[in-house]
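Following: one structure in structure tokens, then a few remarks.
The values are calculated or read from the model by the stated rules, or taken from the named source; none is laboratory data. A quick note: this is a predicted structure, and the numbers were derived from the prediction, not measured. When we count neighbours, we look across all protein chains shown, and the Cβ atoms used for this are built from the backbone with ideal geometry, even at glycine.
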């Protein structure tokens, strides 16, 4: 689930209601153009280029291992 919102100077305000006690992760976006291009683009500066190729297929492999028992 992904919900957008804004910081009003006092609190983070979300565009949709959330259940009480819902944990959230806030990822500041410098400008909305960056967010519109790619939400993951905001995390690009934390990426390790040496691991990108190894991580490419890891989700699929983990799902197969969990559900098929490979």
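Quick one: in the range 4-17, of everything that is outside any strand (DSSP E or B) and closer than 15 Å to residue 28 by Cβ, which residue is modelled with the lowest pLDDT? Here the answer is 4. Taking the range 28-39 as the range and being surrounded by fewer than 10 Cβ atoms within 10 Å (Cβ to Cβ) and either at pLDDT 80 or above or part of a loop (DSSP other than H, G, I, E, B) (or both) as the test, the residues that pass are 28, 30, 31. Answer yes or no as to whether residue 42 is surrounded by 10 or more Cβ atoms within 10 Å (Cβ to Cβ) and either modelled with pLDDT of 80 or more or not in a loop (DSSP other than H, G, I, E, B) (or both). Considered against the rule, which asks whether it is surrounded by 10 or more Cβ atoms within 10 Å (Cβ to Cβ) and either modelled with pLDDT of 80 or more or not in a loop (DSSP other than H, G, I, E, B) (or both), residue 42 comes out as yes.
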